[in-house]
Amino acid sequence: MKKVIAFILAMMLVVPAAMAANPAKQLQKAKDKERKEVLKRLKQGKWELLGSSRSMEVALLQHWAELDELGNDGREIVGTSTRSKSKNIGQQMATNNAIINYAQESASTVEGMLANDFAGSGVDVSAEFENLFGTYRRQVEKELNGELKHSFSLIRTNPEGDFEVQSFFIVNESAASKKRIQALKNAMAESEVAAEHAQKINDFINRNLK
């Protein structure tokens with residue numbers, strides 16, 4: 001009896017330890033559950049795959065597999081188009097939406113970091129750097145355009161007969177970071193105030209964007 005009790009106690013210690021030692025397995029289980037719910041929700045929403053002979057399930061699985069392969073460098077970007085009379089136009093609008101939203105978010109993050117960096121030195125960037133930031137946003141949109149890799153698009157028909165589109169993209173953040181650096185350097189070349197603070201901006205790039 002003592003041996004049985006000792007065995008049970010040992011197993012009670014081993015099982016939690018084994019679970020704690022394998023967080024990757026737990027994470028994958030959670031991902032699988034989440035992805036099944038996503039697929040179910042899309043089907044319930046009457047979404048269909050646009051412009052492909054694959055099934056929506058296969059498209060999603062390939063999309064997620066590529067994200068998993070990229071690890072921390074992989075990021076999903078989704079662009080939307082709510083009402084269009086043409087499927088092709090709807091897909092292009094969704095693509096443009098993804099590019100603009102991603103570029104604006106990327107630019108805003110760097111602008112906030114750069115503003116904080118200069119504020120610590122007593123430099124007010126709110127007005128002085130307005131032109132630099134405006135140029136930087138345009139450059140980011142231009143540079144990051146090619147970094148969005150299209151995975152697939154979904155479409156559904158609205159009650160009014162027009163179309164709603166979702167386009168899914170994958171971004172490699174390591175590659176995108178290089179483009180953000182180039183965008184900031186391009187913006188610096190067009191800004192007089194950036195020339196005045198060029199060394200500090202370059203120091204910021206070396207610390208935060210590489």
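The values are calculated or read from the model by the stated rules, or taken from the named source; none is laboratory data. Computed from a prediction, not measured in an experiment: that's the story for all the values here. We place every Cβ from the backbone using ideal geometry, glycine too, and count neighbours over all the protein chains shown. We work out accessible area using only protein heavy atoms, side chains counted, and drop any ligands, DNA or RNA first. Shrake-Rupley method; radii C 1.70, N 1.55, O 1.52, S 1.80 Å.
Only one of the numbered conditions (1) within 20 Å of the chain's Cα centre (by Cα); (2) surrounded by 12 or more Cβ atoms within 10 Å (Cβ to Cβ); (3) assigned to a helix (DSSP H, G or I); (4) aliphatic (A, V, I, L, M) is not met by ALA65, and that is (2). Taking the stated definitions as given, is SER106 closer than 30 Å to LEU61 by Cα, open to solvent by less than 70 Å² (accessible area, probe 1.4 Å) and in contact with a strand residue (DSSP E or B) (Cβ under 6 Å, 6 or more places away or on another chain)? Considered against the rule, which asks whether it is closer than 30 Å to LEU61 by Cα, open to solvent by less than 70 Å² (accessible area, probe 1.4 Å) and in contact with a strand residue (DSSP E or B) (Cβ under 6 Å, 6 or more places away or on another chain), SER106 comes out as no.
Conditions tested, residue by residue: (1) outside any strand (DSSP E or B); (2) open to solvent by less than 80 Å² (accessible area, probe 1.4 Å); (3) at pLDDT below 85; (4) farther than 26 Å from LEU148 by Cβ.
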residue	(1), (2), (3), (4)
PHE7	yes, no, yes, yes
ARG41	yes, no, no, no
ARG75	no, yes, no, no
VAL78	no, yes, no, no
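Contact map, segment 183-204: residues that are over 21 Å from GLU141 (Cα atoms) paired with residues that are acidic (Asp, Glu) and in a helix (DSSP H, G or I), Cβ distance under 6 Å, separation 6+ or inter-chain. Pairs shown: VAL193/GLU128.
Residue check: ASN206 meets all listed conditions (1) under 19 Å from ASN72 (Cα atoms); (2) open to solvent by 10 Å² or more (accessible area, probe 1.4 Å); (3) in a helix (DSSP H, G or I) but one, namely (1). Out of everything in segment 181-203 that is more than 18 Å from ASN116 (Cα to Cα), of a type outside the set (A, V, I, L, M) and open to solvent by 10 Å² or more (accessible area, probe 1.4 Å), what residue ends up being modelled with the lowest pLDDT? The residue in question is GLU192.
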